[in-house]
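**Q** Would you mind keeping the following structure in view while I ask a few things?
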Amino acid sequence: MTRDRFAPVTLGILAAALLAAVVLAVGVGSEWIPPGDVLAALFGGEVRDAVRSIILVSRLPRVLCAALC
């Protein structure tokens, strides 16, 4: 098989790994936030206001900056 056939699969695997790393990195800190709560906060689910604030205001911008730089 040629490299061209593996490129979409490799890209998909790398994108999934990056997404998993971002979700886990957002959860790690002085207060552990489970991945389910991180996903709920990101996609509008029900989480405590304090947890949503920690994720959206503090952790997510730092993690996204680190992931994209």
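The values are calculated or read from the model by the stated rules, or taken from the named source; none is laboratory data. The structure displayed is predicted, hence computed values, not measured ones. Because the Cβ atoms are built from the backbone with ideal geometry, glycine has one as well, and the counts that use them run over all protein chains shown. To get the accessible areas, we keep the full protein, side chains included, count just its heavy atoms, and leave off ligands, DNA and RNA. Shrake-Rupley method; radii C 1.70, N 1.55, O 1.52, S 1.80 Å.
**Q** Does GLY44 satisfy the criteria of being among the small types (Gly, Ala, Ser) and surrounded by 12 or more Cβ atoms within 10 Å (Cβ to Cβ)? If you could, list the steps in order and put the result at the bottom.
**A** Numbers: among the small types (Gly, Ala, Ser): yes; surrounded by 12 or more Cβ atoms within 10 Å (Cβ to Cβ): no.
Judged against the criteria, GLY44 is not a match.
**Q** Could you grab me the full set of residues in the range 2-37 that are hydroxyl-bearing (Ser, Thr, Tyr) and open to solvent by 90 Å² or more (accessible area, probe 1.4 Å)?
**A** SER30
**Q** Another question, then. Among the residues of the range 8-48, write down those that are touching a helix residue (DSSP H, G or I) at 6+ places or on another chain (Cβ under 7 Å) and touching a residue at least 40 places away in the same chain (Cβ under 8 Å).
**A** LEU18, VAL22, ALA25
**Q** Any chance the range 55-64 includes a residue that's assigned to a helix (DSSP H, G or I), β-branched (Val, Ile, Thr), open to solvent by 60 Å² or more (accessible area, probe 1.4 Å) and out of contact with any Pro (no Cβ under 7 Å at 6 or more places or on another chain)?
**A** Filtering the range 55-64 for residues assigned to a helix (DSSP H, G or I) gives 55-64.
Retained after the next criterion (residues that are β-branched (Val, Ile, Thr)): 55, 57, 63.
Those left that are additionally open to solvent by 60 Å² or more (accessible area, probe 1.4 Å): 57.
Then drop every residue that is not out of contact with any Pro (no Cβ under 7 Å at 6 or more places or on another chain), which leaves 57.
So far as the range 55-64 goes, yes, one or more of its residues are assigned to a helix (DSSP H, G or I), β-branched (Val, Ile, Thr), open to solvent by 60 Å² or more (accessible area, probe 1.4 Å) and out of contact with any Pro (no Cβ under 7 Å at 6 or more places or on another chain).
**Q** Just give me the residues in the range 7-54 being part of a loop (DSSP other than H, G, I, E, B) and either basic (Lys, Arg) or touching a Lys or Arg at 6+ places or on another chain (Cβ under 9 Å) (or both), in sequence order.
**A** Of everything in the range 7-54, those that are part of a loop (DSSP other than H, G, I, E, B) and either basic (Lys, Arg) or touching a Lys or Arg at 6+ places or on another chain (Cβ under 9 Å) (or both) turn out to be VAL28, GLY29, ILE33, ARG48.
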